[in-house]
1. Is the shape of the range 226-313 rounded, prolate or oblate, going by the alpha carbon gyration tensor and its root eigenvalues a ≥ b ≥ c, with a/c under 1.5 for rounded and a/b larger than b/c for prolate?
2. Using semi-axes √(5λ) of the Cα gyration tensor in Å as the read-out, say which of (i) 40, 28, 20; (ii) 38, 24, 19; (iii) 41, 22, 19 was calculated from these coordinates.
3. In whole Å, what three semi-axes, largest first, describe the equivalent ellipsoid of the range 84-169 built from its Cα gyration tensor (square root of 5 times each eigenvalue)?
4. Please determine, in degrees from 0 to 90 and to the nearest 10, the orientation of helix 23-35 with respect to the longest principal axis defined by the Cα atoms of the chain, where the helix direction is its Cα long axis.
5. For a protection proxy built on the mean count of beta-carbon atoms within 10 angstrom, sort 163-175, 141-153 highest first, please.
6. Counting Lys +1, Arg +1, Asp -1, Glu -1, what net charge surrounds Ile214 among other residues with beta carbon under 11 Å of its beta carbon?
7. I'd like to compare 55-66, 364-375, 318-329: which one has the highest average count of other Cβ atoms within 10 Å, and what's the full order after that?
8. What number comes out for accessible area per residue over the chain if the probe is 1.4 Å? Units Å², please.
Amino acid sequence: MATPPSAVIAAAPPHIVICGGGVIGACTAYYLSTKSSSSPAAHITIIERSSIACGASGKAGGFLALDWCAPPLSHLAHASFLLHRSLSASLSGPLSYGYRPLHALSLSIHPEPHSSPPSRSLPPWIDSSNAGSPRTIGTPETTAQVHPQLFTQTLISASSAEVLIGEVTRIEVIEGRVTGVILKDGREIPADAVVLALGPWSSRSSIVSSLFGISVLKAHSIVVRPREADAITPHALFLSYQDSPAAPTLDPEVYPRPTGEVYICGMTQEVEVPEDPVTIVPDPVSIRMLHKIAGNVSSHLKDGEAEVVAEQACFLPCSDDGLPVIGEVPGVERCYVGTGHSCWGILNGPATGAALAELILEGRATTVDLKPFSPARFLRGRKVSS
């Protein structure tokens, strides 16, 4: 039967491909799903080489702070901290991924014991005789935490995204507009828009590396489960730690989690990121030092008193100027990037994802002004060929 002239044939839904299954990719997929007003809704595909949150998004501390960043990063952080609150309310954050407000303390651990007992203002589980008096640097109104791997997985599950395991080798561009991605196994994935959320592997893309650089820091961490987990109160610790009078001062961090686990991090190295995240292994010396720090902070965290859950390392992506890179790639229409978040990726993931979703779907971001973070800033002072 002939189609009546007045009939409208529905257009195919736009296909948006997100390269990277970490927190930036997850947040972008979530907000693309929830903000999409097109009919039919956008088809979203996340392409991940290994597994969801296999890098820093699964091995980070998950600490959130409202007002710890300087401008212009503070605007992104403030918006993102508030989005974390609303996401927790919508997605049952305390149960789904360990969201909770908590206190944050700055604390010195000196090489020589104090003659007096530990400060009474310290939480009881911090029983080190080397501890100085703490200083409050965050309250439940201004600091919080999530379990980063569970957070990333929850957002992807709550989105409409399809997850595809594969290695992206090339972004297809025709006449200045992105048309899809090519995988190592030869598969071609057509796309109306592509988001590069590759974290420390961002520079593997020639589209990124031709415009700006991403350097990396290898960050180590351990996770332990104390026998008396109920004794550990929700106080994140930011330490100034010296192992001996002649030793350098370190800045480790300790995050108790509502699961009863305690996360300890703080040893970093400038080394090259491997091709495959599965091959990342921690440095034994760094891991031993983190265990030593944990035991010096609290007898609950000493070897033999706490089960070792994880000894791990991940890589943090850092841009040339220290700011995240968020926005459309100049000269490549409908190709977007979100990377360079360094140690604040979990905090700033929601605002980054929301802003990218707005930019893709509506042509401009309203969650936060992306101008300070635009990849176009790296064109300044360059001669751009026509």
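1. Working: a/c = 1.97, a/b = 1.28, b/c = 1.54.
The shape class here is oblate.
2. (iii)
3. Square roots of five times the eigenvalues give 39, 17, 10 Å.
4. 50 degrees
5. 141-153, 163-175
6. 0
7. Highest mean packing first, the order is 55-66, 318-329, 364-375.
8. Details: 17210 Å² over 386 residues.
Counting only protein heavy atoms, the per-residue value for the chain is 45 Å².
The values are calculated or read from the model by the stated rules, or taken from the named source; none is laboratory data. Keep in mind that what you see is a predicted model, and the values were worked out from it rather than measured. Glycine also receives a Cβ, built like all others from the backbone with ideal geometry; neighbour counts cover every protein chain displayed. Just so you know, the surface numbers come from the protein's heavy atoms only, side chains and all, with ligands and any DNA or RNA stripped out. Shrake-Rupley method; radii C 1.70, N 1.55, O 1.52, S 1.80 Å.
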